[in-house]
1. Looking at this structure, is residue 114 under 21 Å from residue 27 (Cβ atoms), touching a helix residue (DSSP H, G or I) at 6+ places or on another chain (Cβ under 7 Å) and either part of a helix (DSSP H, G or I) or touching a residue at least 24 places away in the same chain (Cβ under 8 Å) (or both)?
2. Checking the structure you have, find out if any residue of segment 153-160 is in a loop (DSSP other than H, G, I, E, B) and either surrounded by fewer than 13 Cβ atoms within 10 Å (Cβ to Cβ) or modelled with pLDDT of 70 or more (or both).
3. Scan segment 6-48 for residues that are farther than 25 Å from residue 260 by Cβ and modelled with pLDDT of 80 or more and jot them down.
4. If residue 116 passes every condition in (1) surrounded by 13 or more Cβ atoms within 10 Å (Cβ to Cβ); (2) at pLDDT 85 or above but one, which one does it miss?
5. Looking at 132, 136, can you tell me which residue is modelled with pLDDT under 85 and within 23 Å of the chain's Cα centre (by Cα)?
């Protein structure tokens, strides 16, 4: 996605605002992999050598809490991206909020909100990775009731964001359908698609395809997040209650795989429904492969010349 966004191609019509926001989403998705790398390995060393116990305890808690950082950064910037599309298509007079310094201010506010949520989570909840059953344990049941209140608020907010995004996507879809209706029927209310030129007919087809792809992307992105939040909090206890303790470890493995799956949904759905992005990526991959083949041919030629020179 980064290759598609930043390539200087004449077919690349992504706006600067869209590019900057998607860049934040890409960065947030990369941070989601850090706990998987920086927590699991120290815990394995800890189990093999107990002398590392004191060194890995704070690393475990810090990077386990970074799960909260990556989760809410992805959610918040996905919400900002949806809001950008919503304003561009439905409320164009407010597009100035996504221009120049105001956009940088919005991005800074989102990062600060994520840091605030992560700091509060670190203070009120104790999170750690348990290597023996591959689980991310969260203990928010401290003596004060504030910890439990914080857990409920953060959990409900994490569930609310995908629902807000889905509502925005439905509004965008409705707006696109109204535009298509206007293109087909016009002001008179009578269908005049047969009287259109080829250019207008192709425009109607593109609008129809775009609205369906928009709806499918909304269902995938928002649905995966809603299901993910529920799975992360309730799947393992539910399966353990039904099937016994033997189901605990497989459910934990599934949860960790689902976290990786969440990070892959956005680029997968984007490239599935964006032919323009696929063409840009294909162009750059072809250029890269030709460049590598050129370097390889140059090396082989220079070796052949060197061999003949020594004979």
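1. Working: under 21 Å from residue 27 (Cβ atoms): yes; touching a helix residue (DSSP H, G or I) at 6+ places or on another chain (Cβ under 7 Å): yes; either part of a helix (DSSP H, G or I) or touching a residue at least 24 places away in the same chain (Cβ under 8 Å) (or both): yes.
Yes; evaluated as a whole, the condition is true for this residue.
2. Filtering segment 153-160 down to residues in a loop (DSSP other than H, G, I, E, B) leaves none.
Checked segment 153-160: no residue is in a loop (DSSP other than H, G, I, E, B) and either surrounded by fewer than 13 Cβ atoms within 10 Å (Cβ to Cβ) or modelled with pLDDT of 70 or more (or both).
3. The answer is 17, 20.
4. (1)
5. Values: 132 fails: within 23 Å of the chain's Cα centre (by Cα).
Step by step, each of 132, 136 is checked, and only 136 is modelled with pLDDT under 85 and within 23 Å of the chain's Cα centre (by Cα).
The values are calculated or read from the model by the stated rules, or taken from the named source; none is laboratory data. The model shown is predicted, which means the values in this text are computed figures rather than measured ones. FYI the Cβ positions are ideal-geometry reconstructions off the backbone, even for glycines, and counts take in every protein chain you see.
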